[in-house]
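Student: Starting off with a structure, shown below.
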Amino acid sequence: MDTAELDAVLASFVGKPVGSGSPTVAPDPVNQPMIRHWAAAFGDGNPVYTDPEYAAKSRFGAIVAPPLMLQTWTFPTPQLVGIAERGGAPTESTGESPLAVLDRAGFVGTLASNSEYEIHRYLELGETLSVTTVFESISAEKTTRMGVGRFITWIATYVDDTGEPVAVQRFRIFKFRPLAAAPAAAKAGTRADAKADAAEADAPVAAEAEAEPTTAAPAPGDKIAVGAPLPELRIDVTATLVVAGAIATRDFMPVHHDRDYAQAHGSPDIFMNILSDTAYCSRYLTDWAGPEAAVKSLAIRLGVPSFPGSTLVFTGSVTGVEEAGDEHVVAVELRADNNLGPHVTGTATLTLPRT
């Protein structure tokens, strides 16, 4: 199949649902053990996730699930046998899809690049989530240092037991032909190479600089000023941390837990998954804003990878403050840098009770 024929086949999927078109129902209701596992994996001590007494007295009135767990709830139960051969897909796919078409055409590498959430409300224990997903766009071929590939974007709408929407997500991946396998001591992990990879893979690249420590932002309840910095959060990335995050988010892509597989697909090591990135962003926001804060939106783009042996440094600042009834509506810019450069850049909106 030549490029023109491939273009035509891929274009036929745009606007159509992923899979059968029927909603995907979460295999389990929202439950405390999974929330506790998730919170432990990301060091998120927010008591509204795990402390019933505290949560009952909070604005939420009961235990709630972390808002960025949405994908985690709706992933199917994985069939671990053959998962590497399926490129990390948790189950055998049924029917045709652009991902299968690209796999057959040699675009077997998969990297997440963007994730954007609009969150209407938090989920409570016992609720069962469903999601309907539609392909929004498929790019033309792009040549990057990762290899030649295409960006695929889909829109996921999450609904509760009654069919009421609770969140909408736009998610983007890069499907590519991997270059030659990276040896364990590969220089692919150098700053120059990683920054070039990020630039060519449609990820933002900032000026080369070390993250500067910031001072604490005003405490929630005080006047929150535009330009106020958020305190720095440092995360030492280890292999254990990477694997724990992948398991807690139920992401069994081998590049996040199998070093041999990762190296065979052009990476010098396993690397953090994008669901872990959104989890750490959520923790960063509520560590600063407090457990009464509600994350209403988060949009991130990935840059350089996050490998074991590095340190992620989260920084941010307030970019907007509005008053809506009895709440502050706060807009934030945030980023996480490591020794290779910018790993995550993004924006978020959260609400805080006025006191």
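Student: For the stretch 21-34, just list the computed ³J(HN,Hα) in residue order, Karplus coefficients 6.51, -1.76 and 1.60, θ = phi - 60°, integers in Hz, with x standing in for Gly and Pro.
Tutor: Working through the residues one at a time gives x, 6, x, 8, 9, 4, x, 9, x, 4, 9, 5, x, 5 Hz.
Student: Leaving out ligands and nucleic acids, and using a 1.4 Å probe, what accessible area per residue does the chain come to in Å²?
Tutor: Roughly 43 Å² per residue, with all protein chains present.
Student: At a threshold of 8 angstrom on Cα-Cα distance, excluding pairs fewer than six apart, so keeping six or more, what relative contact order does the chain reach in percent?
Tutor: Answer for the chain is 18 percent.
Student: Another one. To the nearest 20 debye, what charge dipole does the stretch 125-176 have about its Cα centre, counting +1 at the Cβ of each Lys and Arg and -1 at the Cβ of each Asp and Glu?
Tutor: 640
Student: Once you mark the trypsin sites (Lys or Arg not before Pro) that are in a DSSP loop and have at most 12 other Cβ atoms within 10 Å, what is the longest gap between them in the chain?
Tutor: Between exposed loop sites, the widest span is 1-222.
Student: Can you give me the % of accessible surface on the stretch 23-92 that is carbon or sulfur? Probe 1.4 Å, all protein chains present, nothing else counted.
Tutor: 60
Student: Got a sec to turn the phi values of the stretch 99-105 into Karplus ³J(HN,Hα) couplings, 6.51 cos²θ - 1.76 cosθ + 1.60 with θ = phi - 60°, whole Hz, x for Gly and Pro?
Tutor: 3J(HN,Hα) across the stretch 99-105, in whole Hz: 5, 5, 4, 5, 4, 5, 7.
Student: On the accessible surface of the stretch 102-186, probed at 1.4 Å, how many percent belong to carbon and sulfur atoms?
Tutor: Answer for the stretch 102-186: carbon and sulfur cover 54 percent of the accessible area.
Student: Let me ask something else. What's the whole-number percent of alpha carbon pairs in the stretch 1-153 lying beyond 24 angstrom?
Tutor: Result: 47 percent of Cα pairs exceed 24 Å.
Student: Regarding the stretch 280-355, what's the average projected area of the Cα-atom convex hull, expressed in nm²?
Tutor: Averaging across all directions leaves 5.1 nm² for the Cα convex hull.
Student: Could I ask something else about it? In the neighborhood of THR345, defined by Cβ-to-Cβ distances under 12 Å, what is the net charge if each Lys or Arg adds +1 and each Asp or Glu adds -1?
Tutor: -1
Student: Please list the radius of gyration and Dmax for the chain, considering alpha-carbon atoms only, with Å as the unit.
Tutor: Cα radius of gyration and Dmax of the chain are 20.2, 63 Å respectively.
Student: Right, another one. Under 15 Å from a point 7 Å along the Cα-to-Cβ line of ARG104: which residues of the stretch 1-36 have their amide N that close?
Tutor: It comes to 1-3, 5-13, nothing else.
Student: Quick one: compute the contact order of the stretch 103-153, relative version, from alpha carbon pairs under 8 angstrom and 6+ residues apart, as a percent.
Tutor: Value for the stretch 103-153: 26 percent.
Student: Mind giving me the nanometre distance, one decimal, between the label points for ARG121 and THR311, set 7 Å out from Cα along Cα→Cβ?
Tutor: Once both label points are built, they end up 4.3 nm from each other.
Student: Under 17 Å between alpha carbons, and skipping anything fewer than 8 positions from LYS142 in its own chain: which aspartates and glutamates qualify?
Tutor: ASP2, GLU5, ASP7, ASP103, ASP197, GLU200, ASP202
Student: Near the amide H of SER306, under 5 Å away, which other amide H atoms are found, from residues 5 or more places off or on another chain, if H is placed in the peptide plane?
Tutor: For SER306, the qualifying residues are MET272.
Student: Just add up the charged neighbours of GLN32: K/R +1, D/E -1, any other residue whose Cβ is under 12 Å from the Cβ of GLN32.
Tutor: -2
The values are calculated or read from the model by the stated rules, or taken from the named source; none is laboratory data. Being a predicted model, the structure only gives us computed values, none of them experimental. Counting neighbours? That spans all protein chains shown, and the Cβs are built from the backbone with ideal geometry, glycine included. Accessible surface is based on the protein model in full, side chains and every heavy atom, while ligands, DNA and RNA are left aside. Shrake-Rupley method; radii C 1.70, N 1.55, O 1.52, S 1.80 Å.
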